Amino acid sequence: MKKRSRRRRKNVFVPIVVLIFCCIFTAMVAYGWQSRKKNVKVADSSKNANETVEVNQSETSSDGEINAISESETDTTAETTTVPASNPGPDEKVVYFTFDDGPWTGTPRLLDILDQYNIKACFFVTAQYMDTEPLINMLKQIKDRGHNVAVHSLTHNYKQIYASVDAFMADYDAMDDLIFKATGQHSTMLRFPGGSNAGYNKAIRPQLLQAVRDRGIVYFDWNSFDGDVEGKRGQELIDQTIRQVNENTHSILLMHDMPNTAFVHDALPTIIERLQADGYKFELLNENTPPKQFAK
């Protein structure tokens, strides 16, 4: 009887021990798995954190660049939409560089020289020397480099444009349309081919000047001239320019930017440096500049 009882207890004890062992083993396995899973999560988290830092640094850098570009664009927009007053004092020596008849394929060299001296000029432009698309690209480059782009004439054909007021305004509008395509802005400035008192416009002059004024367009003549289209070159051109500018405290200087006056580019650095030495500062001609007008 006792043997049978001991055998029964043994039969019960063995499964209990096995059950306990299985529970302990299961718990150990579960604990190990949880620890491993936790370690994997920590490693992944650490890896993601490092990647996030790299991405954020990159994004921060990009944001900085974007902000810088935006500020630059904002500044540029302010410069192009808000025209500064140009009313120098009576004793302040100022010269306004203006270039007629271009642009052409040599214009970038002129722009480089002006950039070198940080001078901005007004370009009274035509469509004589370039096809439409290259012309639009060049006008855009002139504007993008801080200069003003204004109408001179589409064709510069005196007899054609001065045939009537309507003919002149049609020519003006055609050139202005090209300027608008290039810059996004319509011109409000004009230089009449030959000047406002050109002999070619004598028959229609009063009506023409009134039509221009009615459109809100400011026209500019000049009171200084470098003599480039009269055959002046080299030292002779430099001397005439300096002499004529020095005759005026406020000088609107006429020069030409076209293939047969490319020599002006060679003389320009000397002209600039001599005018600087004479105490002149260089301002950008705009619609607020008091105009010099031969005919009113």
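The values are calculated or read from the model by the stated rules, or taken from the named source; none is laboratory data. This is a predicted model, so every value here is computed, not measured. For the accessible areas, the whole protein counts, side chains as well, though only heavy atoms, and no ligand, DNA or RNA atoms are used. Shrake-Rupley method; radii C 1.70, N 1.55, O 1.52, S 1.80 Å.
Numbers below:
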read-out	value
Accessible heavy-atom area order of 147, 156, highest first, probe of 1.4 Å	156, 147
Spherically averaged projected area in nm², based on the convex hull that wraps the Cα atoms of the range 140-203	4.3
Lysine pairs within the range 80-181, Cα separation less than 23 Å, 8 or more sequence positions apart or different chains	6
Cα gyration tensor shape for the range 164-296, rounded if a/c is under 1.5, else prolate or oblate	prolate
Whole-angstrom gap from the range 132-206 to the range 274-296, using each part's C-alpha centre	20
Carbon + sulfur, % of accessible area of the range 107-218 - ligands and nucleic acids excluded, 1.4 Å	49
Rg to Rh quotient for the range 183-230, alpha carbon positions, Kirkwood Rh	1.03
